[in-house]
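Asks: Here you go, one structure.
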Amino acid sequence: MAGNRLEPLDRATPPAMRALAEGLRRAMVDADYTVLRTLAGDAQLAASTVSNALSGKTVPSWRTTQFLLQTCGIQPNAHWRKVWEAARDAEQPPDALPQDDEPRQEPDTVRSHQPGLFSIRPPVGSLPARVRGRAAIVSRLTTLVAKPRPMLQVLHGLGGCGKTTIALEVARLVQESGHPVYWVSAAERGGFVASMRQVAREIGIPAGDIEQAWSGRSSAMDMLWRHLDSAQQPWLLIVDNADVPEVLASPGRIAGDGTGWVRPSRSGTTILTSRVGTPATWGSQAERHHVGVLGEKDAADVLVDLAGHAGDKEEANALAERLGGLPLALRSAGSYLSRTARGAGLLRRPARITTFDAYRLALGNLGTELLDEGQPWPNESERLERLHRGLVGRTWEMSLDLLEAQGIAQARPLMRLISCFAPAPLPVELIAEDESYLPSLEQLDRALEALVDLDMLTVTRTSPSADDSAQSTCLVGHRLVLEATASRLRELPAAEQAITWRAAARLITVAGAPAPEEPQNWDWWRLILPHVATLVSVIPSNDSSVLIEALHQGLRGYAYMSFSSTFDGATTYSQMLLDRSLTLPDSHPVRLAARHRELLASSRPAADLAREYEDVLSRQVTVLGPDHPDTLITDHQLATVLAETHGKIASLREIRRVAERRAILFGPANPYTLVSQDELVDLLISLDHKDEAEALLRTVVEDCERFLGPTNHYTLMWTMKLTRELINQGRVDVDLDEMLQGHNRQATPLAAQVEIARVLALLERHTEAELEYKTILERLQATGQERTGRYRQALRSLCFSLHEQGRLKEAFELHSNAIRNCGHSDDLRIYNLRLRLDHVELHTWAKQWDEAEGELRKLLSDLTLTATSDPTLELDVRRKLTFVLAAQDKDAATEREEAVLAELCEQSFGATYWRTRRALWNHAQSLKLLGRNRAALKVYRKCLQVEEIIFPANHDDITATRTRIVEMRLKIGEMSADQAVSEFFAIPWKDAQTRDSRYLQLASAVATARRLNGDADGALEALTELEEQYRQQDSPGHESLLTVLRSISSLLIDLERPRDALDKCYEYRKLLENKHEQDASRKLFAARRIVNLQLMLGEISNEEALGKIESLLSEYSEEFAPFSDRILHLRRRIALLQHAMGEIDRAEIELRYIVTVCQMRREPEDAIHRIATWNLSVLLMDHGRFDEALPLLEGCLAAERATYEEADNRDILRTRRRIAWCRRELNVASIVDTIAEYTDILKGLILHDGENGTLPTAIRNALHELKGTPSKHSPLTH
């Protein structure tokens, strides 16, 4: 077996390859290695790789050869290089050799991002020579494999405690017994799923079945386990690093419930290693095995196994105790001491630390400082983990001392340099750029190899894009390693620090050379941006030239974020740029640019932004000149802000000037020119200059195609912008396929592909949009962008496409899974909250209003706990809450939330910002709906003041607001009907069509006003003229005709002409039936009104009316929420009919149900709540139950007074009459008081109903009886 002994040399091996293998064998023997696995473990190579190299079967890469030689204490010099090159040439012809001596992929090496090449063999070569302290658990798990039990086996515990080592030892023993073993890692979702696919191949599932399951057409999980459960021979499946259990779970489930990727089986055994050990995660069919630190004896044995020469057992015990028994720390210390014993460099300069005692003393008191017994610790496990992390950090510093002692002097400055950057993949080619800091490539190579050998750095291949051919070889430093190194860097004298900081600034300048505005460089910039941000944030400010160099790249990083639409963290990033620039003079170009970027990402009111931009611009003109790119950036931004401070006409003029200037200086297809052209197009559209906007769009598309090519990102983006505008104009016959001839789903830049998907959705081509969005998500996942705003937005759009195809359940599962996998770290806090807000959207699509409202209120609660860097998040949550409340007809709650939202928007952004304008308008609308016309008028006027700053007088927003103002003034009696009509037609309308459509908003109010003033004929005549006008138009289902017919029917009912009203309702219903899009709300209104009028005319009986209303309730119960106004009004009508038929008990039960629902879910001011309460009180009074009716009426009166602004509102007067009646019947009011109350009420009601109205007549009769007969009287007189 390769792991235990050497295989004989292959006789067919070419002499040169044989010479290399024999040399490596001699090195192994000279270094006292007798077991191949031990050598492989120390070299941190797979045992099969070492076996192949020493048997001459293959020529290892030069790096692998170096690792083997160094592990054996031999320096890989020029002689060894020649031997290796001769072997390589003998193995393959020169033209097939890797370029620049890049290491070749070993046969057993796992290549990420290469489907089908994930190894599922257990890496037993990385096991230590002997696994200590785990015999019991290893024995138990090994026994289970031979006699499987249907239970998952979960190894859980602190990171670094040896869970993987236990699993590997079990895998080795099981493999030696002849059972199949499959090893997969769950550290990364994509690699895990690919490995499980390889398992499917290994167990013999047909390729076609695998393809079908992995393409989503059947369940891959079920198929895999169906075959595993039917296996004839016991097997072992090990899932390592399952620290995110959601990776293993099926959508909407938990990892251990038996439906996901891991399941208990009677045919084999599944072992998982995880830091998570909660029973709720792994379910009832899992045995959990806690893996703790090693005991003192076993821990000491680990040290002796690795470095027995370093001292006796007692000294090993002392060091093991000092290291807390943590296997990770033990192995690190033992490997260090082992290296000191055999490293060639030590012969020239002996290591200072070669014994257990010396190592323990060198650790100092770091552990004691970390423990700090005076500080409260949340729990014991956190205390231990903090201790262990600190101890290992000290080990890393000692490792650098060792490398320096071995003559690898460049290791420490190299680590110092890398510590200036982020714990993220750093392209290795950048390290070699600065020869003044690291003068020799050979020395650099040795230092890198040594640091990798000690696990201080990891070598990885990262794909900035989804294209594997563009992979970059990168270095990754563990966060703690980098932090510890950076801490020691800052302790150095300033002169020594300056060397490293200058080198770091030069490195990042080289890295940032590719233009951040160009799409072909965005993948590169995404890779280096974390390093740019880290360097700018930590570089000292005492050397201004170095700081300025770093800040220049920081500004370029912001340009990348802006042009690539990578807005995650933009606010924090821009604030960091500004903070770091504050040590520069006020008018330094870099500080001015940083000020601008911070303003661009901020959410301050427009007036404040304008003042700041003006100051920055004036300084830039002085320092840089008016045509400098930075000056024009600020000039452009100031022009956009003018739209909110001086109006869109002024902004249009300035943006046009900047766009023209940029086109002259930089070219018509330059990214900065296109930014100004984009703003110009949006302004033209908002001002209704659609023809000019379309012409400009076509010109820009032509410029992009001519200068950039048809497949360029900007060409595609502008093509889609043109397409969207054409669609918005109603030109849905756009030939999108012709416009997208340059689109390649796998190659089109992501931002452009998102736009293409949006256009497909606009055209209702949802199947194609779904495919685009799925590709976008796959590309984002492949490049590590699954926790970004772009991923979240694409996911939401994909869910919408699924919803439009009737697959809402699938959309819920997809989105719920994303939330579960999101994580809850501080870095992901805003992303998590935004994702939850998106999930509310799915609830609204499903009309799950309770769930939507509950989640929104929880989001608001969570937002109050801690501040976020996203100023719009709370506003977006509240905006969605107003929508959800309105959808449930919670009118009073909606109004309150709209008021809060409008106030917050104005505080955050100023009165002229679009969010504030929208919030003000919506608040006015909600007040209007509640009948609070005076309050609505006040808000509409405020809205108009803001709009007049921004828009020309004939803009749609202004004319709509002015129409509402006229309507409110008419309703509160500030003007007559004729004055209202006159003022309406005095508005400077854009065109007659807009004017006529707006008049419909006013016509009904004008008719009502005329009727109340005694001009019923005039009211009806005006509406009838409108009806005739709209009948002459082409469309039989014209919205205007529907609206006017509804108004006429309402007026005819008020005029007590039910037959004519019914005829209009029939016409209304017929028009609705002819409409292409069915409107359930209008259909229900027509049906309910027709029943009421038929009953009024005696065409149907109460029983027939009840049957019809009950049928409507059944028909529309699925269309509307169960507690919506429409449903509750139907139920209320049923109760009234039951009351009229004498079914008092049934009517009371129904009304009490409605009132109870309203008490639980509605505000007292909501109309349905007031009306249902009123109806119930009338029923009770009709049957002499005045004591029950009185509190209901008093509550109703309080709600009406809170709702209506006028004390003499008819509803208030009507309720006061009923209350006076109840009090008199209950003898809680005297006759004198009752007469006074009735008299006051009568005055108000005459104004509403006239002298001969029903209620005034009833009150006069009651007064007559009260004055003439002090005894009780019949309720009928009331």
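Just so it is clear, none of the values below were taken in a lab; they were calculated from the coordinates. All values derive from a computational prediction rather than experimental measurement. All Cβ positions, even for glycine, are placed from backbone atoms using ideal geometry, and neighbour counts span all protein chains on display.
Asks: Exceeding 27 Å between C-alpha atoms, which entries from my cross-link table qualify? They are K971/K1108; K938/K1075; K1064/K1108; K809/K928; K858/K938; K690/K928.
Replies: Values: K971/K1108 35 Å; K938/K1075 37 Å; K1064/K1108 20 Å; K809/K928 38 Å; K858/K938 32 Å; K690/K928 33 Å.
In this structure, K971/K1108; K938/K1075; K809/K928; K858/K938; K690/K928 exceed 27 Å between Cα atoms.
Asks: So what's the angle, to the nearest 10 degrees on a 0 to 90 scale, between helix 189-202 and the longest Cα principal axis of the chain?
Replies: Computed tilt is about 70 degrees.
Asks: A follow-up question, please. Once you charge only the Cβ atoms, +1 for Lys and Arg and -1 for Asp and Glu, what is the size of the charge dipole of the range 475-551 about its Cα centre, to the nearest 20 debye? Don't jump to the answer; show the numbers that get you there.
Replies: Numbers: 6 positive and 8 negative charges, 44 e Å.
Here the range 475-551 has a charge dipole of around 220 debye.
Asks: Please arrange M415, M223, M717 by how many other C-beta atoms lie within 10 Å of their C-beta, fewest to most.
Replies: Working: M415 26, M223 17, M717 23.
With the fewest neighbours first, M415, M223, M717 line up as M223, M717, M415.
Asks: Could you give the angle, 0 to 90 degrees to the nearest 10, between helix 479-490's Cα long axis and the longest principal axis of the Cα atoms of the chain?
Replies: The angle comes out near 80 degrees.
Asks: Placing unit charges on C-beta atoms (Lys and Arg positive, Asp and Glu negative, everything else neutral), compute the dipole magnitude of the chain about its Cα centre in debye, rounded to 20.
Replies: Details: 152 positive and 180 negative charges, 514 e Å.
With Lys and Arg at +1 and Asp and Glu at -1, about 2460 debye.
Asks: Which of [x] -0.91, -1.09; [y] -0.80, -0.99; [z] -1.07, -1.22 is the computed log10 I(q)/I(0) by the Debye sum over Cα atoms at q = 0.07, 0.08 Å⁻¹ for the structure on display?
Replies: Computed from these coordinates, log10 I(q)/I(0) by the Debye sum over Cα atoms at q = 0.07, 0.08 Å⁻¹ corresponds to label [x].
Asks: Between helix 808-820 and the chain, what is the angle of the helix's C-alpha long axis to the longest principal axis, kept within 0 to 90° and rounded to the nearest 10?
Replies: With rounding to tens, the tilt is 50 degrees.
Asks: Follow-up. I'd like to compare 881-888, 1115-1122, 1160-1167: which one has the highest average count of other Cβ atoms within 10 Å, and what's the full order after that?
Replies: Details: 881-888: 21.5, 1115-1122: 14.8, 1160-1167: 19.2.
Highest mean packing first, the order is 881-888, 1160-1167, 1115-1122.
Asks: Taking the Cα centre of the range 896-1004 as the origin, how large is its charge dipole in debye, to the nearest 20, when only Lys and Arg (+1) and Asp and Glu (-1) carry charge on their Cβ atoms? Write out the running numbers ahead of the final one.
Replies: On the way: 17 positive and 14 negative charges, 55 e Å.
With only Lys, Arg, Asp and Glu charged at Cβ, the dipole is about 260 debye.
Asks: For the chain, with the dipole built from +1 on Lys and Arg beta-carbon atoms and -1 on Asp and Glu ones, taken about the Cα centre, which of T959, A422, H552 lies farthest toward the positive end?
Replies: Of the options given, the answer is A422.
Asks: Summing -39500 (n - 2.57) over the DSSP H runs of n ≥ 4 in the chain and dividing by its residue number, what mean residue ellipticity at 222 nm do you reach, to the nearest 500 deg cm²/dmol? Intermediate values should be presented prior to the final figure.
Replies: Working: 58 runs with 827 residues, N = 1278.
About -21000 deg cm²/dmol.
Asks: Right, here's the next one. Residue-wise, which Karplus ³J(HN,Hα) couplings in Hz belong to the range 652-662, taking 6.51 cos²θ - 1.76 cosθ + 1.60, θ = phi - 60°, and x for glycine or proline?
Replies: Karplus values, whole Hz, x for Gly and Pro: 4, 4, 6, 5, 4, 5, 5, 4, 5, 5, 5.
Asks: How much net charge surrounds S284 when only other residues with a Cβ under 15 Å from its Cβ are counted (Lys, Arg +1; Asp, Glu -1)? Intermediate results must be reported in sequence, preceding the final value.
Replies: Working: positive: R149, R253, R263, R288; negative: D257, E287.
Once positives and negatives cancel, what remains is +2.
Asks: Taking +1 at the Cβ of each Lys and Arg and -1 at the Cβ of each Asp and Glu, which of Q637, T783, G806 sits farthest along the dipole of the chain towards its positive end, judged by Cα position relative to the Cα centre?
Replies: Positive-most Cα among the choices belongs to T783.
Asks: Just name one of L400, L1093, V884: the one whose Cα is farthest towards the positive end of the charge dipole of the chain (beta-carbon charges, Lys/Arg +1, Asp/Glu -1).
Replies: After comparing all options, I get L400.
Asks: Have a look at the DSSP beta bridges in the chain and tell me what percent are antiparallel, nearest 5.
Replies: Numbers: 8 of 27 bridges.
Roughly 30 percent of the beta bridges in the chain run antiparallel, per DSSP.
Asks: Work through the residues other than G162 whose Cβ is under 11 Å from its Cβ and net out their charges, Lys, Arg +1 and Asp, Glu -1.
Replies: Result for the neighbourhood of G162: +2.
Asks: In sequence order, what are the phi-derived ³J(HN,Hα) couplings for the range 634-650 according to the Karplus relation 6.51 cos²θ - 1.76 cosθ + 1.60 with θ = phi - 60°, rounded to whole Hz, with x for glycine and proline?
Replies: Computed from phi, the couplings for the range 634-650 are 5, 4, 4, 5, 4, 4, 5, 5, 4, 4, 9, 10, 10, x, 6, 5, 5 Hz.
Asks: Once you list every other residue whose beta carbon is under 10 Å from the beta carbon of A761, what net charge do they have if Lys and Arg are +1 and Asp and Glu are -1? Each step should come with its number before you reach the end.
Replies: Values: positive: R758, R765; negative: E764, E768, E770, E772, E804.
Residues near A761 contribute -3 overall.
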